[in-house]
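Colleague: Provided herewith is a single structure, encoded as structure tokens, for subsequent inquiry.
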Amino acid sequence: MVNNAIDHSEGTNVAIEAVRDEKNVLIVIRDDGEGIFCRIARLLNLNDTRESLLELSKGKLTTDPKHHTGEGIFFTSRVFDHFVIRSGDLDFSHVYRDELDWLLHSDDETAGTIVAMRIAVDSARELEAVFSEFSDDPDEYRFERTVVPVRLALYEGEHLVSRSQAKRLLSRIERFRYVILDFEGVDSIGQSFADEAFRVFKNRHPEIEITAINMSERVNKMINRALQEQRKS
């Protein structure tokens, strides 16, 4: 995380704080740079800074592919009990044992980027177990699996109905072999959205296995309809 601040933030200062009590270790890294979400949105030509959080949640995201794999933030967020990135008016949060990442809006603007990481002193978690969870080969730890929280593609007042929204959701997932789309918090999707994600994309990338979980009845029906059409095509 310190290396990210040095290589990517374009700031001039980084502050590191570590606090340990009887139960937890808390590490906070703060820089005065551009801000991680603004930087990702600018360099990846995203329409909205909130799309940066969706991309972070997938993993393998880097704005400097020659020098970074893009796996650091993803796996660090899975290693700690609680992981938070705060920048601008957005918070990206992950809690251990929770498959979902969270997008929160803050009333206060945070200049630069703050990364806060907390872990229990007596944590028995092993790094090998974290890597293995997202790998199909336990001997090589290839990062081949990802869980995409679909609700992060939802903005205020939006419904997931269009092909363009599906394309935004599926951006870069061709880098993985196994993709789980988690529909928790999504009540419904449109026919065009489902068709793009579960027929058009699957026909284009048959080597990628896409699985949907936590679907409402309406979402499940629309996905099944798209899958039926995919089998015909």
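Every number in this text was worked out from the coordinates using simple rules, so none of it is lab data. Just so it is clear, the structure is predicted and the values come from calculations on it, not from any experiment. Ideal geometry is used to build each Cβ from the backbone, glycine not excepted, and the neighbour counts take in all protein chains shown.
Colleague: Can you list residues from other chains, or at least 5 along the same chain, whose modelled amide H is less than 5 Å from the amide H of LEU181?
Modeller: When sequence neighbours closer than 5 places are left aside, the close amide H contacts are VAL148, THR211, ALA212, ILE213.
Colleague: When the expected Rg is taken as 2.2 N^0.38 Å, what fraction or multiple of it is the alpha-carbon Rg of the stretch 144-233?
Modeller: Here the answer is 0.98, to two decimals.
Colleague: Quick one: Cα centre-to-centre distance for the stretch 1-51 and the stretch 191-232, in angstrom?
Modeller: A separation of 36 Å, based on Cα centres.
Colleague: Same structure, new question: Provide the FRET efficiency to the nearest 0.05 for the ASP32-VAL130 pair, computing r from the beta carbons and using R0 = 45 Å.
Modeller: Step by step, r from the Cβ atoms, then E = 0.90.
Colleague: So which of LYS202/LYS232; LYS58/LYS167; LYS23/LYS58 end up more than 19 Å apart, counting from Cα to Cα?
Modeller: Going by Cα-Cα distance, LYS23/LYS58 fall outside the 19 Å limit.
Colleague: From the backbone phi of the stretch 13-19, what are the Karplus-calculated ³J(HN,Hα) couplings (6.51 cos²θ - 1.76 cosθ + 1.60, θ = phi - 60°) in whole Hz, Gly and Pro given as x?
Modeller: Ordered by residue, 3J(HN,Hα) equals 9, 9, 10, 10, 10, 10, 10 Hz.
Colleague: Also, I was wondering about something else. Most exposed first by the Cβ proxy, i.e. fewest other Cβ within 10 Å, how do SER164, SER77 rank?
Modeller: SER164, SER77
Colleague: Modelling each spin label as a point 7 Å along the Cα-to-Cβ direction, I'd like the THR110/GLU17 distance in nm, to one decimal.
Modeller: Roughly 1.2 nm, to one decimal.
Colleague: Along Cα→Cβ, 7 Å out, is where each label goes; now give me the distance between the ones at GLU10 and ASN45 in nm to one decimal.
Modeller: Result for the modelled spin labels: 1.8 nm.
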